[in-house]
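Presented below is the structure to which this report refers.
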Amino acid sequence: MKLKHQMQITEHATRNTSHASRITLPCLLLAILLTPSAFPQVADDKNATFFMGRIRYSSSEGNDCPGVGQDLMKLVSRASTIKVQEERRIKLTDAELYETPFLFMNGHNDFVFTEAEIANLRHYLSRGGFFFASGCCTNPDFPKAWRREFGRIFANEKVKPIPYDHLIYRSFYKIDRVRCLNENRDIQLEGLFYQGNLVAVVCEDGLCCAFSANGTCNAGKGISPEEGQKLTLNIAVYALTH
């Protein structure tokens, strides 16, 4: 059974994005009031309202750019009154998967999911879970593999670019366009949809690396640290409100 929760977006976000919406997995109820002036700390609290699962998968133990996940959690914490727990590292075959409404994955290299991992992802995403992935250091091998593997999850659903008129670019900050630092093109998120709902997002341009590791990972490539923080926060807010 899916649970319902309420979320109120402050005037920091666009007015038309405040609404009640669905998520999440069984046994978790989120009630969040975003406020730009609140700066709670990341808490190692078993009763924390929100926690993130960092995926350990076939070619990684979740150690690629190890500080990125924690920096992502701190970013969410600083922008909200939500209580945030330390990240947990889980496999797609772990029972804890279904108690974790927000999954994060990153990496540098190619990877392949097992059939069991694909089946669990199908179950997880079709029941309200959300998956966010960020390639490390703008390496193209990881996002290429992610598109291929996530294209296996739902019949007739492939990973595709998310246009700039999608609500994910308005969920907290109003983002009209993000330019690549080292190429003449826009940065664009890509996603997997299920029954019209966006359930998984990837950015090939080192999105989280942009504001982690003291900005040394991307080193002038991909997305800027400032835009990286904004876009990542939009993704997190969108995941928690849909």
field: Which numbered condition ASN156 misses (of (1) modelled with pLDDT of 95 or more; (2) not in a helix (DSSP H, G or I))
entry: (1)
field: Long-range neighbours under 6 Å by Cβ, at least six apart or interchain, first residue over 15 Å from LEU103 (Cα atoms) within region 225-242, second crowded, with 23+ Cβ neighbours inside 10 Å and modelled with pLDDT under 90
entry: PRO225/ALA210; PRO225/PHE211; GLY228/LEU207; GLY228/ALA210; GLY228/PHE211; GLN229/PHE211
message: Exactly one condition in (1) surrounded by fewer than 22 Cβ atoms within 10 Å (Cβ to Cβ); (2) closer than 23 Å to PHE111 by Cα is false for ILE153; which is it?
response: (1)
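Counting just the residues of region 87-103 that are part of a strand (DSSP E or B) and touching a Ser or Thr at 6+ places or on another chain (Cβ under 8 Å), which one comes out nearest to ALA155 (Cα to Cα)?
Going residue by residue through region 87-103, those that are part of a strand (DSSP E or B) are 88-91, 102-103.
Still in the running and touching a Ser or Thr at 6+ places or on another chain (Cβ under 8 Å): 88, 90.
On the way: ARG88: 30, ILE90: 26 Å.
Filtering first and then ranking leaves ILE90.
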- request: Give just the number: which of (1) of a type in the set (Gly, Ala, Ser); (2) crowded, with 17+ Cβ neighbours inside 10 Å; (3) in a loop (DSSP other than H, G, I, E, B) does ALA200 not satisfy?
  value: (3)
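Check region 100-109 and report whether any residue there is without any contact (Cβ under 8 Å) to a residue 40 or more places away in the chain and crowded, with 16+ Cβ neighbours inside 10 Å. I'd like the intermediate steps shown before the answer.
Going through region 100-109, the residues without any contact (Cβ under 8 Å) to a residue 40 or more places away in the chain turn out to be none.
The answer is no, given that none of the residues of region 100-109 is without any contact (Cβ under 8 Å) to a residue 40 or more places away in the chain and crowded, with 16+ Cβ neighbours inside 10 Å.
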task: Pairs only if they're at least six apart or on different chains, beta carbon under 9 angstrom, first in region 122-141 and among the acidic types (Asp, Glu), second in a helix (DSSP H, G or I) and crowded, with 17+ Cβ neighbours inside 10 Å; list them, first residue then second.
output: none
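Could we say that GLU149 is at pLDDT 95 or above and not in a strand (DSSP E or B) here?
Details: at pLDDT 95 or above: yes; not in a strand (DSSP E or B): yes.
It is true that GLU149 is at pLDDT 95 or above and not in a strand (DSSP E or B).
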- prompt: Can you name the residue in region 119-142 that is part of a helix (DSSP H, G or I) and among the aromatic types (Phe, Trp, Tyr) and, of all such residues, is nearest to TYR194 (Cα to Cα)?
  reply: TYR124
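Answer with yes or no whether ASP176 is part of a loop (DSSP other than H, G, I, E, B) and either under 24 Å from GLY107 (Cα atoms) or in contact (Cβ under 8 Å) with a residue 12 or more places away in the chain (or both). So that I can check it myself, show each step before the final result.
On the way: part of a loop (DSSP other than H, G, I, E, B): yes; either under 24 Å from GLY107 (Cα atoms) or in contact (Cβ under 8 Å) with a residue 12 or more places away in the chain (or both): yes.
Against the criterion (part of a loop (DSSP other than H, G, I, E, B) and either under 24 Å from GLY107 (Cα atoms) or in contact (Cβ under 8 Å) with a residue 12 or more places away in the chain (or both)), ASP176 qualifies.
The values are calculated or read from the model by the stated rules, or taken from the named source; none is laboratory data. Bear in mind that the values here come from a model prediction, so they are computed numbers and not experimental data. Neighbour counts are summed over all protein chains in view; Cβ atoms, including those assigned to glycine, are modelled from backbone coordinates with ideal geometry.
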